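Following: one structure in structure tokens, then a few remarks.
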Amino acid sequence: MSDTATTPAIPTTRMFFREAIIRALAEEMERDARLILLGQDIGAFGGSYKEFVGLQERFGKDRVRDTPIAEAAMVGLGVGASAMGHRTLVNITYMDFLMLGLDPLINFAAKARFKSGGQIRVPLVVKTTAGAKGQGVAHSQCIESWLMGVPGLKVVAPSTCADAYGLLKSALREEGPVVFVDHKRLFPTSGEVPTQEGTVPIGRSRILRPGRDITLTVHGYCTRIALEAAELLSAKGISAEVVELVSLAPLDIETICGSVSRTGALATLEEGQLVCGVGAEVAFQVNERIGPVPSCRIGPRAAPVSSSPLLEAATLANSGTAVTAIIELLEK
Amino acid sequence: MIYALVVPGPIPDVEQIRILEWHGAIGQKFEPEEMLVELETYKALVEVRAGQPGFLRKIISEAGNWEDVGAPIALFSDTADEALPANTEQIADLPASFEVS
């Protein structure tokens with residue numbers, strides 16, 4: 001008997017993506033009095049995507065703090081507060097501006113445990129919103145691949161409300177820094193979240209759609225595009241297995257390799273740039289573990305994202321370009 | 001005549017809304033510009049106001065429900081005691097205005 005047959009259905013509640021985040025934050029703030037939140041307009045305004053609504057009212061201005069537009073200082077303050085015994089979530093509204101906070105994040109937070117012989121821990125979560133949605137060259141970027149190679153740093157990227165809730169709770173219980181990457185286009189979505197409190201473990205990928213002919217790895221908002229592409233491919237007689245990475249660092253390479261071993265081919269899809277991107281890392285690790293298989297990377301053109309909606313769409317990959325690339329790969 | 005109030009749109013990026021609160025009880029008369037219902041989108045509230053006089057006759061979708069843009073959520077009539085049809089598919093949309101805040 002399969003697991004699904006023996007496991008009773010879990011009661012769920014439907015909510016907007018932002019509500020899954022609010023719920024995770026509220027539960028963790030209730031659970032841990034040391035947890036504080038720092039961000040631009042997260043207090044009375046409730047956050048750019050309304051994903052902090054009600055938290056300052058409920059937990060007070062000491063624990064939910066509005067900051068100036070100064071990302072280096074925000075991350076620096078968060079790192080320092082966490083090193084001194086707090087647990088801190090720093091919200092960076094546009095992932096592009098996390099670049100300003102990379103020094104304290106990478107040079108201090110990710111290193112502290114190593115260089116202090118384990119004496120200093122930095123339980124810090126940087127929540128940040130990536131992706132293109134009409135805001136141009138410096139408010140659209142996905143730079144999560146830059147962070148995957150930093151020892152001591154974990155990186156997660158949900159695509160569903162349930163994972164946003166469960167992963168954020170897990171991140172807020174970590175002893176070291178975690179970057180939680182969401183996406184502008186996820187905020188209009190809604191989804192079912194388990195009614196009972198729970199977490200989603202960091203470090204596990206998920207097979208979202210089983211298939212026989214090719215493995216398609218993906219993370220974040222592009223997961224929706226991958227599922228569309230798999231549906232379109234199915235109509236053409238190609239069975240694609242969609243593996244959602246969920247966690248980028250650590251990467252669940254065992255699950256990915258298990259899938260590629262069965263399908264014998266690999267395509268990767270992402271919104272971030274392909275050179276030294278997530279797909280490049282996935283493909284090389286697969287190659288190292290199970291040897292070469294036909295593979296391709298699907299992603300945006302090597303160009304900045306325009307604020308013109310037409311040029312934005314022309315720059316990014318979509319389900320159509322994914323289908324074309326996969327068919328070309330399998331016909332080679 | 002019987003009218004159906006539908007979830008108004010289009011609202012940018014919004015596919016589904018959640019019904020927050022009905023204003024008024026079954027049988028109540030509404031005048032133009034009176035608020036009928038408040039809806040929640042992923043980031044805003046939508047106030048839906050009557051575009052013509054009428055009586056609220058039936059709430060199809062209760063507060064807390066999720067509905068697509070365009071879905072019928074209540075029935076209205078010109079007079080208080082008109083019989084409601086069993087099939088709601090052919091009913092005209094109630095003129096209504098909406099404001100996203």
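Given a cut-off of under 8 Å on Cα pairs at least six residues apart, what relative contact order in percent is computed for chain A?
Computed value for chain A: 16 percent relative contact order.
Rounding to the nearest 20 debye, state how big the charge dipole of the protein assembly as shown is about its Cα centre with +1 on each Lys and Arg Cβ and -1 on each Asp and Glu Cβ.
1720
In terms of Cα to Cα distance under 20 Å, which lysines are near enough to A:Lys236, apart from those fewer than 8 places away along the same chain?
Leaving aside lysines fewer than 8 places away in the same chain, those within reach of A:Lys236 are A:Lys332.
Within 10 Å of each residue's Cβ, count the other Cβ atoms and sort A:Arg87, B:Arg49, A:Arg262 from fewest upward.
Going from least to most buried by this count: A:Arg262, B:Arg49, A:Arg87.
Just tell me which aspartates and glutamates come within less than 18 Å, Cα to Cα, of B:Lys58; anything on the same chain fewer than 8 places away is out.
B:Glu21, B:Glu31, B:Glu34, B:Glu38, B:Glu67, B:Asp78, B:Asp81, B:Glu82, B:Glu89, B:Asp93
Based on the Cβ-Cβ distance from B:Ala92 to A:Gln119, what FRET efficiency comes out when R0 is 51 Å, to the nearest 0.05?
Computed FRET efficiency for B:Ala92 and A:Gln119: 0.10.
Once you keep just the Cα pairs under 8 angstrom separated by 6 or more residues, what percentage relative contact order results for the stretch B:1-69?
41
Full extension from A:Ala235 to A:Glu57: what is 0.36 nm times the residue separation minus their Cα-Cα distance, to one decimal in nm?
Separation in residues times 0.36 nm, less the Cα-Cα distance, equals 59.0 nm.
When the C-alpha atoms of the stretch A:124-203 are aligned to their principal axes, what extent does each axis show, in angstrom, from largest down?
40, 34, 17 Å, listed from the longest principal axis down.
Once the dipole of the protein assembly as shown is set up with Lys and Arg at +1 and Asp and Glu at -1 on Cβ about the Cα centre, which of B:Pro95, A:Gly320, A:Gly117 lies farthest towards its positive end?
So the residue furthest toward the plus end is A:Gly117.
Taking other Cβ within 10 Å of each residue's Cβ, how do A:Met84, A:Met99, A:Met15 sort, fewest first?
If I rank by nearby Cβ atoms, fewest first, I get A:Met84, A:Met99, A:Met15.
Residue by residue, what Karplus-based ³J(HN,Hα) values in Hz, rounded to whole numbers, does the stretch A:21-29 have, using 6.51, -1.76 and 1.60 with θ = phi - 60° and x for Gly and Pro?
For the stretch A:21-29, the Karplus curve yields 5, 4, 4, 4, 5, 4, 5, 6, 5 Hz.
Which of A:Pro294, B:Leu75, B:Ala86 sits farthest toward the positive end of the charge dipole of the protein assembly as shown, with +1 on the Cβ of Lys and Arg and -1 on the Cβ of Asp and Glu?
Comparing the listed Cα positions along the dipole, A:Pro294 ranks first.
If you take the Cα Rg of the protein assembly as shown and divide it by 2.2 N^0.38 Å, with N the number of residues, what do you get?
Compared with the compact-globule rule of thumb, the protein assembly as shown sits at 1.10.
With all pairs of different alpha carbon atoms counted, what Kirkwood hydrodynamic radius in Å does the stretch A:1-131 show?
Evaluated on the stretch A:1-131, it is 16.0 Å.
For the stretch A:256-264, just list the computed ³J(HN,Hα) in residue order, Karplus coefficients 6.51, -1.76 and 1.60, θ = phi - 60°, integers in Hz, with x standing in for Gly and Pro.
Using θ = phi - 60°, the values come out as 5, 5, x, 5, 5, 4, 7, 8, x Hz.
Between rounded, prolate and oblate, where does the stretch A:191-332 land on the alpha carbon gyration tensor, with a ≥ b ≥ c its root eigenvalues, rounded for a/c under 1.5, else prolate if a/b exceeds b/c?
Note, shape of the stretch A:191-332 comes out rounded.
If one takes the longest principal axis of the Cα atoms in chain A, at what angle in degrees, from 0 to 90 and to the nearest 10, does the Cα axis of helix A:278-290 lie?
Around 60 degrees separate the two axes.
Starting from the Cα of A:Lys61, draw a straight line to each of the lysines and keep only those under 28 Å, dropping any in the same chain fewer than 8 residues away.
Within the straight-line limit of under 28 Å, A:Lys61 reaches these lysines: A:Lys50, A:Lys127, A:Lys169, A:Lys184, B:Lys43.
Enumerate the amide H contacts of A:Val137 below 5 Å, restricted to partners 5 or more residues apart or on another chain; note that Pro and chain-start residues carry no placed amide H.
A:Ser307
Among A:Thr88, A:Val155, A:Thr129, pick out the residue whose Cα is farthest towards the positive end of the charge dipole of the stretch A:42-193, where Lys and Arg carry +1 and Asp and Glu carry -1 on C-beta, about the Cα centre.
Farthest towards the positive end: A:Thr88.
If I fit a long axis through the Cα atoms of helix A:71-83 and take the longest principal axis of the Cα atoms of chain A, what angle between them do I get, 0 to 90°, rounded to 10?
70
Quick check on chain A: helices-only [θ] at 222 nm, where DSSP H runs of length 4 and up contribute -39,500 (n - 2.57) each and the sum goes over total residues. Nearest 500, please.
Only helices count here, giving -10000 deg cm²/dmol.
Going by how many other beta carbons lie within 10 Å of each one, how would you line up A:Thr255, B:Thr88, A:Thr189, A:Thr223, fewest first?
With the fewest neighbours first, A:Thr255, B:Thr88, A:Thr189, A:Thr223 line up as B:Thr88, A:Thr255, A:Thr189, A:Thr223.
Remind me, relative contact order of the stretch A:234-332 in percent, using alpha carbon pairs under 8 angstrom and six or more residues apart?
For the stretch A:234-332, the relative contact order is 24 percent.
Rounded to the nearest 0.05, what FRET efficiency is calculated for B:Thr79 and B:Leu20 with R0 set to 35 Å and r the Cβ-Cβ distance?
With R0 = 35 Å, the Cβ-Cβ based efficiency is 0.75.
Dipole magnitude of the stretch A:132-261 about its Cα centre, charges +1 at Lys/Arg Cβ and -1 at Asp/Glu Cβ only, in debye to the nearest 20?
Using Cβ point charges on Lys, Arg, Asp and Glu, the stretch A:132-261 gives about 260 debye.
Please compute the modelled spin-label separation between A:Asn287 and A:Arg173, points set 7 Å along Cα→Cβ, answer in nm with one decimal.
Modelled inter-label distance: 3.8 nm.
For A:Asp32 and A:Arg262, compute 0.36 nm times the residue count separating them, minus their Cα-Cα distance, and round to one decimal in nm.
Gain in length upon complete extension: 78.4 nm.
Bear in mind these aren't lab numbers, they're just calculated from the coordinates by the rules spelled out. The shown structure was predicted, so the numbers you read here are calculated from the model rather than taken from an experiment. Quick reminder, even Gly has a Cβ in these numbers, built from the backbone with ideal geometry, and neighbours come from all protein chains shown.
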